[in-house]
Amino acid sequence: MIASLYQQAEQLDAHDPLREVKGQFVLPENMIYLDGNSLGPVTHAAKQRAHEVVEQQWQLDLIKSWNQHNWIGLPQQVGAKIAPLIGAHPDEVIACDSISVNLYKLLHAALAIQESRYVAQSEHLKLARRTRIVTQTGNFPTDGYIAQGLVAHHAQDLTLDYVAEDAIVESLGLDVAVLMLTHVNYKTGYMLDMAYITEQAHALGIVVIWDLAHTTGVIPIDCTLWNVDFAVGCGYKYLNGGPGAPAFVYAAARHHAQLKQPLSGWMGHAQPFAFTQEYVAGKGMLAFLCGTPAVISMSILDAALDVFSAVTMEDVRYKSAQLTRFCLLCIEAQGLLTDLPCISPKDSSVRGSQLAFTHPQAYAICQAMIDKGVVADFRAPDVLRLGFAPLYVSYQDIVRSVEVLSDIIHAQTYLDDAFQIQHAVT
Ligand SMILES: Cc1ncc(COP(=O)(O)O)c(C=O)c1O
C-alpha cells in the first residue's frame, strides 16, 4: 500500500509547478517540516539579509542606515510586498508590532468609526449606540483576550460575545459594532466565507476585522473585491519572516481619512522628527505605527517575502488543497482515522492548509514524530496539528510523514517516558 502511495507522490511532485521553490529555503537535512503554520523556515535570501543588516548596515553605517538603507521606510516597503497576497493596494498595508497589538488598534479604530456614524445620525432617526463586539467561539485566544481588555477599559459600555462558527451571520444585529473573526481557525483549519460574512455584516452597518494569521501566504484572498474594512496578519508563519517577525495591518483606503487608533506613538506622527508636543497622526497607514520598528526583524521579513514574487497564489492554494487532500488519503489508507479522528473539514474548499487530529496522547505522538524527523505541533488539550506549506512541502514528504505516524500509532511508541515530558512551548 505504502509503495503505491509513494508512486503517486512521485508523480504529483514531478508535475508540481512549485517544486523548484523549495531550493530557496534552508531546511535541515532529514527533517520534514509540517509546522510552517507556526514558524516558517529561513530562506537563503533572509539569511543573507540578516548578515547584511548586522554586519554592514548596523556595524559599518550605524545610524546613517535609517536614511542610507531606508530603515525608516521598511514598514511601508514590507506592507507593499504583503499587499498583493491579500488583494490590497500597496498603501493599504503596513508592517508593525504583533497581531495582538494591532488588533487593539483596529478594535479602537472600528469603534471610533461607529461612534462618528452614531453622532452623525439625525436626532429623530437615531438608532441606539451599538454595544456588541462579536467573535467566534474557539478563536485564537489572543484575539479574545485583546477584546476582553478593551471591553474592560473602554469608556463606553461594551460586551464581547462569542458565537459558533456556523452561526455567525445569524447572530448579527443592529446592536453589533464590530465583528472580529479569524479567517482560518488555528486549531481545526475551518475556513470562514470571508466575502459572504463581510457582505452580510456590512448590510447591518457592522465594521469587520479579519485575522489572517493562517491565511496570508497560503490562501489567496481579495480584500479589495470583498470590501474588507480591516485585517491583521502574521509575519512569522507562512511569510517566513522568522521568530517574532512583525505582523501587518490592512485598512481599506476608504477608512484612511478617519483612522483613529489609541497607541499614538511618535512613529505614527505626521512629522516624527519635528519633535512637537502635540500628536498629529500621520497620513493613511502611517497612523498605525507606534514606536521604533524592529529593523533587523523587519529586514529579514522583507527579504523572506521575495519568495512570493515568482509564484502565483493560485498555484500555492491549489497545492495547499492537494497536500491536505493527499495527506488525508494516506492516513485513511493506513487505517489511522479510527485512532486519530480528523477534526478538520472534509471539504477542502472550507479547509485552510492544515489538518488536525485528536488523540488523548496527541502531545506524546507529536514528540515521537519530531524524534523521527517529522515536525508537527500540538494544541491543547488533545490536538495533533499538521501544517502544509506548499512552497517547501512535497507529496513524498507527506507519505513519509504518514508512514512515521503510522509506525508510532501501531507500535504505541508515544507511551515512552521521554515523549511525555511537557516543554514550556508546545
Ligand atoms: C489566529 C492567530 N491570531 C493571533 C496569533 C498571535 O499573534 P501575535 O503573536 O502576533 O500577537 C496567532 C498565533 O499563532 C494566531 O494563530
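None of the figures in this text is laboratory data; all of them are computed from the coordinates on show. Here the structure is a predicted model, which is why all the values come from computation and not from measurement. Please note: Cβ atoms are built from the backbone with ideal geometry, for glycine as well, and neighbour counts cover all protein chains shown.
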Output the Kirkwood hydrodynamic radius of region 2-92, Cα pairs only, in Å rounded to one decimal. 16.9 Å
Compute a Gaussian network model of the chain, connecting alpha carbons closer than 10 Å, and tell me which residue from Leu289, Leu150, Leu301 fluctuates the most. Leu150
Please return the longest range in the chain lying between exposed loop sites, taking chymotrypsin sites (Phe, Trp or Tyr not before Pro), DSSP loop only, at most 15 other beta-carbon atoms within 10 Å, and leaving the sites out. 1-274
Of the convex hull drawn through the C-alpha atoms of the chain, the volume per residue in Å³ is 150 Å³
Calc'd 3J(HN,Hα), region 255-265, phi into Karplus 6.51 cos²θ - 1.76 cosθ + 1.60 (θ = phi - 60°), Hz, glycine/Pro = x, comes to 9, 4, 5, 10, 5, 10, 10, x, 8, 7, x
Cβ charges +1 (Lys, Arg) and -1 (Asp, Glu), total dipole of region 5-54, debye: 200 debye
Return the loop-located GluC sites (Glu not before Pro) in region 9-38 (DSSP other than H, G, I, E, B) with at most 16 other Cβ atoms within 10 Å of their own Cβ; answer none if there are none. Glu20, Glu29
Looking at Ala14, Val151, Pro141, which one has the Cα that reaches farthest to the positive end of the dipole of the chain (charges on Cβ: Lys, Arg +1; Asp, Glu -1)? Val151
List the longest stretch of the chain that has no exposed loop site; here a site is one of the trypsin sites (Lys or Arg not before Pro) assigned by DSSP to anything other than H, G, I, E or B, with at most 12 other Cβ within 10 Å. 127-282
Please express the Cα-Cα pair-distance distribution P(r) of region 257-402 as a list of whole percents, one per 10 Å bin, running from 0 to the bin with the greatest distance. 10, 27, 21, 19, 16, 7, 1
With just the Cα atoms defining each centre, how far is region 378-393 from region 9-78? Give it in Å. 21 Å
Translational D (Stokes-Einstein, µm²/s) of region 156-247 at 10 °C and 1.306 mPa s when Rh comes from the Kirkwood sum over C-alpha pairs? 112 µm²/s
Filtered hits (aspartates and glutamates, Cα-Cα < 19 Å from Lys372, offset >= 8 within chain) -> Glu29, Asp35, Asp397, Glu403, Asp407, Asp416, Asp417
Taking 1 over the mean of 1/r across every pair of different Cα atoms in region 70-309, what Kirkwood radius in Å do you get? 18.1 Å
Report, in deg cm²/dmol and to the nearest 500, the calculated mean residue ellipticity at 222 nm for the chain, where each DSSP H run with n ≥ 4 adds -39500 (n - 2.57) and the sum is divided by the residue count. -10000 deg cm²/dmol
Enter the angle in degrees (range 0 to 90, nearest 10) between the Cα long axis of helix 362-371 and the first principal axis of the Cα atoms of the chain, meaning the one along which they spread out most. 70 degrees
DSSP beta bridge pairing in the chain, given as percent antiparallel to the nearest 5: 50 percent
D (µm²/s, integer) via Stokes-Einstein for region 280-346, Kirkwood Rh across alpha-carbon pairs, 37 °C, 0.692 mPa s: value 199 µm²/s
For region 225-311, just list the percent of Cα-Cα distances falling in each 5 Å bin from zero outward, please. 3, 13, 19, 19, 19, 17, 8, 3, 1, 0
Please list the equivalent ellipsoid semi-axes of region 323-426, computed as the square roots of five times the alpha-carbon gyration tensor eigenvalues, in descending order and whole angstrom. 21, 14, 14
The chain: relative contact order from alpha carbon pairs under 8 Å, six or more residues apart, as a whole percent, is 22 percent
In degrees, nearest ten, helix 313-333 long axis to first principal axis of the chain (Cα): 40 degrees
From the alpha carbon gyration tensor of region 76-145, can you work out the equivalent ellipsoid semi-axes (sqrt of 5 times each eigenvalue) and give them in Å, largest to smallest? 29, 19, 10
What is the helix-to-structure angle for 194-203, meaning the angle in degrees between its Cα long axis and the longest Cα principal axis of the chain, kept from 0 to 90 and rounded to the nearest 10? 30 degrees
Run the dipole for the chain about the Cα centre, Lys and Arg Cβ at +1, Asp and Glu Cβ at -1, nothing else charged, and hand back the magnitude in debye, nearest 20. 840 debye
Violating pairs (Cα-Cα greater than 26 angstrom) within the set Lys187/Lys237; Lys237/Lys260; Lys64/Lys237; Lys187/Lys260; Lys81/Lys283; Lys47/Lys187: Lys237/Lys260; Lys64/Lys237; Lys187/Lys260; Lys47/Lys187
